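Contents: one structure, followed by commentary.
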Amino acid sequence: MSTAITYSRYGGPDVLTLTEVDAPEPGPGQVRIKVRAVAVNLIDLKIRSGMMAGIMPVEFPHMPGWDVAGVVDKAGEGATATVGDEVFGVASVGGYSEYALLDRPVPKPAEVSFETAAALVTVGETAYRGLHHLAPEEGETLLIHGAGGSVGTIAVQLAAARGITVVATAGEHDLQRLTELGATAVLYGDGWVERVKGATPQGVDRVFDAVGAGVLADSITLTGDAARVLTIADMAAAEHGVRFTGADPTDRFPQALPELAPLIAVGRLDLPIGAIYPLAEAARAHADIETRTARGKVVLLP
């Protein structure tokens, strides 16, 4: 048996319940891990609330979570990891649990904590994928909206390391941190367009929207071309002719994690952990994210 968090109806954080479930058995190519950390993502909250029911319906009882890190305790035939290996990746069945299955276990560098490895999974792949699709070139100027969030933070660092001039919109509390990461930080909110123009006399070549706060129309104006704007958060993207990435499960870059983990291991990539909760307090973690009490990545420890 395995302790897990499940819910049997859509609703607020209070629907999350600590329960006993059967420990999953690995199939061919899979490994089962003893979960040491599982990250909470905003999509977990949206699915739990029922907001995504028309796009991503779930069967009840449902176990949330995908981003896990832990130690292999059982391996299926043909698996790429063996018992005792420290790995991380996307759980094939909900990750808010003591045990989870991985189809593509990624080796966890010894220098990277389980908490950081779990936190990296979705946001790291998303930032990597967004930059791949936008394809900014060395010397170009990239505007990143919502750069204070985890996806934006990683995108800032990856772009800056590639010789791209990064302008980052964020809240006042994140401006100094983004400046230290190599971006020209600009306060978001009313007047952001003029502030960005003032910071970019050379103009803006491409825009990565990681916040979904109604910035697409002005972003297109700044770049002069909707094809130079990409969003991971604005569901109105199609109305503006802007590419939305994240809804298509085939649009994923599994090579991202093996490339990003070594960067964290050697200190070339930073991913702040905002809060850590016991698995049993998943409801409080969700509530704290909804009220913005928790900043940075939130992680649960089974």
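The values are calculated or read from the model by the stated rules, or taken from the named source; none is laboratory data. Fair warning: this is a prediction, and the values are worked out from it, not measured in the lab. Glycine gets a Cβ as well: all are built from the backbone with ideal geometry, and neighbour counts include every protein chain shown.
Looking at the range 170-191, which of its residues are over 12 Å from residue 148 (Cα atoms) and in contact with a helix residue (DSSP H, G or I) (Cβ under 8 Å, 6 or more places away or on another chain)?
182, 184
Scan the range 56-98 for residues that are among the acidic types (Asp, Glu) and part of a strand (DSSP E or B) and jot them down.
The first filter runs over the range 56-98 and keeps only residues among the acidic types (Asp, Glu), leaving 59, 67, 73, 77, 85-86, 98.
Of everything in the range 56-98, those that are among the acidic types (Asp, Glu) and part of a strand (DSSP E or B) turn out to be 67, 73, 86.
Can you pull out every residue in the range 285-296 that is of a type outside the set (Lys, Arg), surrounded by fewer than 18 Cβ atoms within 10 Å (Cβ to Cβ) and farther than 18 Å from residue 6 by Cα? It would help to see each step written out before you state the result.
Residues of the range 285-296 that are of a type outside the set (Lys, Arg), as a first pass: 285-291, 293-294, 296.
Filter again for surrounded by fewer than 18 Cβ atoms within 10 Å (Cβ to Cβ), leaving 287, 290-291, 293, 296.
Those that are of a type outside the set (Lys, Arg), surrounded by fewer than 18 Cβ atoms within 10 Å (Cβ to Cβ) and farther than 18 Å from residue 6 by Cα: 290, 291, 293, 296.
Which one is farthest from residue 103 (Cα to Cα) among residues in the range 1-55 that are among the basic types (Lys, Arg) and assigned to a strand (DSSP E or B)?
Step one: filter the range 1-55 for residues among the basic types (Lys, Arg), giving 9, 32, 34, 36, 46, 48.
Still in the running and assigned to a strand (DSSP E or B): 32, 34, 36.
Details: 32: 9, 34: 15, 36: 17 Å.
Step by step, filter the range 1-55, then rank; the result is 36.
Residue check, residue 160 against (1) closer than 30 Å to residue 197 by Cβ; (2) crowded, with 24+ Cβ neighbours inside 10 Å, all met but one. Which one?
(2)
Only one residue in 119, 155, 170, 147 is outside the structural domain of residue 221 (by TED's automatic domain parsing) and under 22 Å from residue 268 (Cα atoms), so which one is that?
Working: 155 fails: outside the structural domain of residue 221 (by TED's automatic domain parsing); 170 fails: outside the structural domain of residue 221 (by TED's automatic domain parsing); 147 fails: outside the structural domain of residue 221 (by TED's automatic domain parsing).
Step by step, each of 119, 155, 170, 147 is checked, and only 119 is outside the structural domain of residue 221 (by TED's automatic domain parsing) and under 22 Å from residue 268 (Cα atoms).
Examine the range 241-253 for a residue that is crowded, with 21+ Cβ neighbours inside 10 Å and farther than 22 Å from residue 177 by Cα, and state whether such a residue exists.
Of all residues in the range 241-253, those crowded, with 21+ Cβ neighbours inside 10 Å come to 242.
Applying the additional criterion that residues be farther than 22 Å from residue 177 by Cα yields 242.
Yes, the range 241-253 contains at least one residue that is crowded, with 21+ Cβ neighbours inside 10 Å and farther than 22 Å from residue 177 by Cα.
Out of everything in the range 242-261 that is in a loop (DSSP other than H, G, I, E, B) and among the small types (Gly, Ala, Ser), what residue ends up being farthest from the chain's Cα centre (by Cα)? Give the derivation first.
Applying the first criterion (in a loop (DSSP other than H, G, I, E, B)) to the range 242-261 yields 242, 245-255.
If we keep only those that are among the small types (Gly, Ala, Ser) as well, we get 246-247.
Numbers: 246: 11, 247: 14 Å.
Step by step, filter the range 242-261, then rank; the result is 247.
Find the residue count for the range 187-206, including only residues that are of a type in the set (A, V, I, L, M, F, W, C) and either surrounded by fewer than 22 Cβ atoms within 10 Å (Cβ to Cβ) or in contact with a His (Cβ under 7 Å, 6 or more places away or on another chain) (or both). If you could, list the steps in order and put the result at the bottom.
Going residue by residue through the range 187-206, those that are of a type in the set (A, V, I, L, M, F, W, C) are 187, 192-193, 196, 199, 204.
Those left that are additionally either surrounded by fewer than 22 Cβ atoms within 10 Å (Cβ to Cβ) or in contact with a His (Cβ under 7 Å, 6 or more places away or on another chain) (or both): 187, 192-193, 199.
Count: 4.
Which of the residues spanning the range 103-127 are of a type in the set (Gly, Ala, Ser) and surrounded by fewer than 24 Cβ atoms within 10 Å (Cβ to Cβ)? I'd like the intermediate steps shown before the answer.
Initially, the range 103-127 is screened for residues of a type in the set (Gly, Ala, Ser), giving 110, 113, 117-119, 124, 127.
The answer is 110, 113.
Please count how many residues of the range 203-224 are within 18 Å of residue 165 (Cβ to Cβ) and either outside the structural domain of residue 130 (by TED's automatic domain parsing) or of a type outside the set (Ser, Thr, Tyr) (or both). Steps first, answer last, please.
Going through the range 203-224, the residues within 18 Å of residue 165 (Cβ to Cβ) turn out to be 203-210, 219, 222-224.
After this cut, where a residue has to be either outside the structural domain of residue 130 (by TED's automatic domain parsing) or of a type outside the set (Ser, Thr, Tyr) (or both) as well, the list is 203-210, 222, 224.
Of the residues in that region, 10 qualify.
May I ask you to list the residues in the range 34-77 that are of a type in the set (D, E, K, R), without any contact (Cβ under 8 Å) to a residue 60 or more places away in the chain, touching a strand residue (DSSP E or B) at 6+ places or on another chain (Cβ under 7 Å) and under 24 Å from residue 284 (Cβ atoms)? Steps first, answer last, please.
The initial filter retains those residues of the range 34-77 that are of a type in the set (D, E, K, R), namely 34, 36, 44, 46, 48, 59, 67, 73-74, 77.
Filter again for without any contact (Cβ under 8 Å) to a residue 60 or more places away in the chain, leaving 46, 59, 67, 73-74, 77.
Imposing the further condition that a residue be touching a strand residue (DSSP E or B) at 6+ places or on another chain (Cβ under 7 Å) reduces the set to 67, 73-74.
Hit for the range 34-77 is 67, nothing else.
Which residue out of 226, 159, 237, 217 is of a type outside the set (D, E, K, R) and closer than 29 Å to residue 113 by Cα?
None of the others qualify; the one that does is 159.
Determine if the range 285-297 includes at least one residue that is in the same structural domain as residue 15 (by TED's automatic domain parsing), part of a strand (DSSP E or B) and closer than 24 Å to residue 161 by Cα. Talk me through it step by step, then tell me what you get.
Step one: filter the range 285-297 for residues in the same structural domain as residue 15 (by TED's automatic domain parsing), giving 285-297.
Narrowing further to those that are part of a strand (DSSP E or B): 297.
Now restrict to residues that are closer than 24 Å to residue 161 by Cα: 297.
Checking the range 285-297: at least one residue is in the same structural domain as residue 15 (by TED's automatic domain parsing), part of a strand (DSSP E or B) and closer than 24 Å to residue 161 by Cα.
I'd like the residue in the range 271-284 that is of a type in the set (A, V, I, L, M) and outside any helix (DSSP H, G or I) and, out of all such residues, is surrounded by the most Cβ atoms within 10 Å (Cβ to Cβ).
Once the filter is applied, the top-ranked residue is 271.
Among 19, 80, which is the only one that is surrounded by fewer than 20 Cβ atoms within 10 Å (Cβ to Cβ), under 22 Å from residue 256 (Cβ atoms) and in contact (Cβ under 8 Å) with a residue 24 or more places away in the chain?
Details: 19 fails: under 22 Å from residue 256 (Cβ atoms).
From the options 19, 80, the qualifying one is 80.
Would you check if residue 268 is surrounded by fewer than 14 Cβ atoms within 10 Å (Cβ to Cβ) and touching a residue at least 60 places away in the same chain (Cβ under 8 Å)?
Numbers: surrounded by fewer than 14 Cβ atoms within 10 Å (Cβ to Cβ): yes; touching a residue at least 60 places away in the same chain (Cβ under 8 Å): yes.
So residue 268 passes the test.
Within the range 208-235, work out how many residues are within 19 Å of the chain's Cα centre (by Cα), surrounded by fewer than 21 Cβ atoms within 10 Å (Cβ to Cβ) and modelled with pLDDT of 95 or more.
The qualifying residues number 0.
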